[in-house]
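Visitor: What follows is a single structure, and I will ask about it in a moment.
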Amino acid sequence: MVSLSPRLKFIVINLDEVLLLVIALVIIYWFLPELIVQIAIIGAVGLAVIIAVKYRLLYSMLGDTSGRYYDIVGMRGEVVSEVTSTDGRVRIGPEIWHARSENQGSLPVGTNVVVTKRNGLVIYVMPAETV
């Protein structure tokens, strides 16, 4: 998949409005050529306002933030289901993750842990006291 910059994404999103204005001006010129200047100015100003509003509302959401929420190495959590070297559950913030014990031991429910690495949707943890 091609990764586009936020600015390029915003331009692509607004191409349809620009194209629609151009088509509307051509149609208006065909039927009302004496009003084309006034309508072109009104259309350009309206388009500028629409694009400015969309810029304010959308631009911050166009960045690539997909990995930011899952960079959890070093975060602290609490064991909600006993964690062993093969299975377990840990709550980190509002999410519950599949977890494995980093040091082959068992971590009981309620233990505070630190994430040492992540492999897909499985995290590896160790007790917070040992870090």
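Values quoted throughout were computed directly from the atomic coordinates according to the rules given, and no laboratory measurement underlies them. Just so we're clear, the structure is a prediction, and the values are computed from it rather than from any experiment. Glycine gets a Cβ as well: all are built from the backbone with ideal geometry, and neighbour counts include every protein chain shown.
Visitor: Rg and Dmax of the chain, using alpha carbons, in Å: what are they?
Guide: 27.1, 84
Visitor: On to the next question. With a point put 7 Å past each Cα toward its Cβ, work out how far T130 is from F31 in nm, to one decimal.
Guide: Between T130 and F31, the simple spin-label model gives 7.7 nm.
Visitor: Using only alpha carbon positions, build the gyration tensor of the stretch 70-130, then give the equivalent ellipsoid semi-axes as the square roots of 5 times its eigenvalues, largest first, whole angstrom. Could you put the intermediate results ahead of the total?
Guide: Numbers: eigenvalues 40, 27, 25 Å².
Equivalent ellipsoid of the stretch 70-130: 14, 12, 11 Å, largest first.
Visitor: Okay, helix-only estimate at 222 nm for the chain: each DSSP H run of n ≥ 4 adds -39500 (n - 2.57), divide by all residues, round to 500 deg cm²/dmol; what do you get? Let's see the in-between values first.
Guide: Numbers: 2 runs with 49 residues, N = 131.
After summing the helix terms and dividing by residue count, I get -13000 deg cm²/dmol.
Visitor: Given charges of +1 on the Cβ of Lys and Arg and -1 on the Cβ of Asp and Glu, with all other atoms neutral, how large is the dipole of the chain about its Cα centre, in debye to the nearest 20?
Guide: Working: 11 positive and 11 negative charges, 31 e Å.
Dipole magnitude for the chain comes out near 140 debye.
Visitor: Can I ask one more? What list of ³J(HN,Hα) values in whole Hz, one per residue of the stretch 107-117 in order, does the Karplus curve 6.51 cos²θ - 1.76 cosθ + 1.60 (θ = phi - 60°) give from phi, with Gly and Pro shown as x?
Guide: 10, x, 4, x, 6, 7, 10, 10, 6, 9, 7
Visitor: Okay, next question. Against the longest principal axis of the chain, how steep is helix 36-58, in degrees 0 to 90 to the nearest 10, with axes from Cα atoms?
Guide: 10 degrees
Visitor: Using the alpha-carbon atoms, what tilt in degrees (0 to 90, nearest 10) does helix 6-31 show relative to the longest principal axis of the chain?
Guide: 20 degrees
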